[in-house]
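The values are calculated or read from the model by the stated rules, or taken from the named source; none is laboratory data. Nothing here was measured: the structure is a model prediction, and the numbers come from that model. Here the Cβ positions follow ideal geometry from the backbone for every residue, glycine too, while neighbour counts run over all protein chains shown.
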Amino acid sequence: MTETDSSAIVKLLTPEGQSVLDSVDSTLLAADPLQAATALRRRARAHLAATSRPQPADTADTADTADTANAQDVTGPPEAGGATGTSADAGTDTDANTTTESWLREVSAAALTQARLRLRAERKLGPVAQRLYFTAAGLEQATRAAVASYRAERIAGVAPEAGLVGDLCCGVGMDLLALANLGLTVHGVDIDPDTVAVARANVAALGLESSARVSLGDVTTDSPVRPEDCAAVCCDPARRDGGRRIFDPRAYTPPWDTVVELVRRAPAGCLKVAPGIDHALVPTGAGAEWISVGGELKEAALWFGALAEPGTRRATLLPGGSAEAHLGGTPRHPGVSLDPDPGLGDPPLSAPRRYLYEPDDAVIRAGLVGEAAALVDGALLDPQIAYITSDRKVDTPFCRGFEIDEMVPFSVKRLRALVRQRQFGTITIKKRGSAVDVDHLRRQLRPAGPNSATLVLTRIGKKPVCFVCSEVTTPRGTNLA
Ligand SMILES: C[S@@+](CC[C@H](N)C(=O)[O-])C[C@H]1O[C@@H](n2cnc3c(N)ncnc32)[C@H](O)[C@@H]1O
């Protein structure tokens with residue numbers, strides 16, 4: 001494993017690469033990628049020629065126009081002598097021209113890819129994404145800003161500012177940046193040289209060099225960061241294999257047992273896992289937390305040592321949309337959490353009442369449906385299905401609430417008649433415990449008209465039913481207070 005500077009992303013991170021990246025026209029890129037690529041190469045060539053060619057002092061005033069044009073063509077990539085060098089003879093000019101052209105092609109392609117990745121990254125990270133760098137794999141695996149900030153704040157609670165936080169498997173650095181953004185001293189390690197180069201560029205992009213550093217290394221063997229030397233560690237193993245998502249923690253890289261052992265060696269630790277993790281895999285002594293952002297379940301975290309509340313199964317809801325935390329700004333996570341109530345037995349069962357509640361997916365995955373039912377003074381419609389019914393209208397961030405208008409046995413024909421009769425032009429279809437293909441059903445129902453409704457497909461016992469409802473609670477993601 002060696003540090004390398006051969007890849008396109010590393011070339012893009014040089015000052016010359018940066019000037020090419022700065023020349024990307026993002027609006028044109030979205031409208032016409034081919035034209036954007038051509039325009040970029042033209043602009044980048046002109047820009048490099050204008051900014052990087054040194055003018056020999058004794059010939060500057062008398063230089064022949066043709067020579068000047070020729071010399072400008074060869075400026076550009078450092079290896080062509082363009083950025084800081086000169087062209088000496090015609091043979092060198094030809095070689096340098098070829099080098100410049102291939103450098104421009106490679107770096108322009110990398111710049112366009114980077115511009116596209118930044119646009120995609122905005123959804124996860126907010127506007128700060130436009131200042132950061134990504135590899136495609138790094139972005140796919142990056143922690144979203146809201147979650148990274150939230151977890152960093154939990155870690156900051158046990159890691160004094162002078163203590164070191166190790167980010168084992170730091171990727172392109174989203175957790176690292178969130179930790180450093182809180183003033184913690186962070187040392188990230190990643191096994192992939194390109195990823196390390198990108199993480200370092202991100203640290204520099206946010207001006208966090210005094211608190212964050214990144215090293216190339218294998219956390220399982222020659223790691224530059226030892227968990228026992230840290231106040232806390234976070235570890236986010238790779239959960240993808242050639243672009244495919246891995247759901248079984250035993251197939252993570254590094255493997256499950258290794259990462260659990262690594263995190264356990266620190267006084268306090270956080271291990272990021274996929275939200276589908278089997279409760280039986282949560283190691284003894286660890287606490288588990290399922291986190292949703294704007295109502296969408298995103299991930300789970302296992303907490304160890306001083307950060308663990310052993311046996312806890314917590315659901316934490318973070319706001320999405322414009323309320324999402326920004327890595328580059330002031331951290332804030334006005335989230336809410338739900339913990340198990342050991343005094344609660346199994347939730348009661350009931351026939352449908354006036355309201356129907358759908359718990360947040362984090363609540364469901366954390367196994368806290370009984371707690372959610374207690375919050376709304378409700379009961380389950382079916383013991384296997386996470387729909388709650390209640391006579392009371394309760395505004396809670398942990399559930400979406402719907403007023404039931406009508407319950408009908410599930411039948412496409414009957415529903416189509418109902419949609420026509422009530423002029424439902426906008427229908428939201430939700431389902432649990434139903435095998436119906438929602439998109440197909442929507443087409444079959446042919447919605448038309450000025451009214452809207454939510455159709456909830458489920459079953460009570462073996463009976464498939466549909467509730468016609470309207471939402472009565474504040475949509476999540478906007479208000480978690
Ligand atoms: C899920 S990503 C980390 C994402 C990161 N938390 C973020 O938010 O940007 C996992 C990373 O683990 C790295 N990795 C895998 N095995 C490793 C090992 N043995 N040592 C160090 N890094 C490793 C991969 O290169 C990958 O970048």
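Would you mind finding the one in Gly217, Gly171, Gly163 that is within 13 Å of the ligand (Cβ to nearest atom), in contact with a strand residue (DSSP E or B) (Cβ under 9 Å, 6 or more places away or on another chain) and farther than 24 Å from Ala288 by Cβ?
Gly217
Before we move on, is Ala204 more than 25 Å from Ala300 (Cα to Cα) and more than 10 Å from the ligand (Cβ to nearest atom)?
Yes.
For the range 182-196, which residues satisfy the criterion of being of a type in the set (Gly, Ala, Ser) and either away from the ligand (no atom under 15 Å from the Cβ) or modelled with pLDDT under 95 (or both)?
Hit for the range 182-196 is Gly183, nothing else.
Pick out the one residue from Val128, Val107 that is over 21 Å from Asp236 (Cα atoms), within 15 Å of the ligand (Cβ to nearest atom) and not assigned by TED's automatic domain parsing to the domain that holds Ala306.
Exactly one of Val128, Val107 is over 21 Å from Asp236 (Cα atoms), within 15 Å of the ligand (Cβ to nearest atom) and not assigned by TED's automatic domain parsing to the domain that holds Ala306, namely Val128.
Assess whether Arg226 counts as being more than 19 Å from Gln130 (Cα to Cα), away from the ligand (no atom under 12 Å from the Cβ), charged (D, E, K, R) and at pLDDT 95 or above.
Yes: the conditions hold for Arg226.
Taking Thr135, is it of a type in the set (S, T, N, Q) and within 25 Å of Pro15 (Cβ to Cβ)?
yes
Any idea which residue in the range 236-272 is farthest from Leu184 (Cα to Cα), counting only those that are assigned to a strand (DSSP E or B) and out of contact with any Cys (no Cβ under 8 Å at 6 or more places or on another chain)?
Among them, the one singled out is Arg244.
Yes or no: the range 303-311 includes at least one residue that is aliphatic (A, V, I, L, M), within 16 Å of the ligand (Cβ to nearest atom) and either over 30 Å from Pro15 (Cβ atoms) or surrounded by 18 or more Cβ atoms within 10 Å (Cβ to Cβ) (or both).
Checked the range 303-311: no residue is aliphatic (A, V, I, L, M), within 16 Å of the ligand (Cβ to nearest atom) and either over 30 Å from Pro15 (Cβ atoms) or surrounded by 18 or more Cβ atoms within 10 Å (Cβ to Cβ) (or both).
Does Ala268 qualify as being assigned by TED's automatic domain parsing to the domain that holds Val158, modelled with pLDDT of 95 or more and touching a Leu at 6+ places or on another chain (Cβ under 6 Å)?
Considered against the rule, which asks whether it is assigned by TED's automatic domain parsing to the domain that holds Val158, modelled with pLDDT of 95 or more and touching a Leu at 6+ places or on another chain (Cβ under 6 Å), Ala268 comes out as yes.
Just name the residue that is nearest to Leu338 (Cα to Cα) out of those in the range 274-305 that are β-branched (Val, Ile, Thr) and assigned to a strand (DSSP E or B).
Within the range 274-305, the match that is nearest to Leu338 (Cα to Cα) is Ile291.
Across the range 127-144, what is the total count of residues that are part of a helix (DSSP H, G or I) and touching an Asp or Glu at 6+ places or on another chain (Cβ under 9 Å)?
The number of residues fulfilling the criteria is 6.
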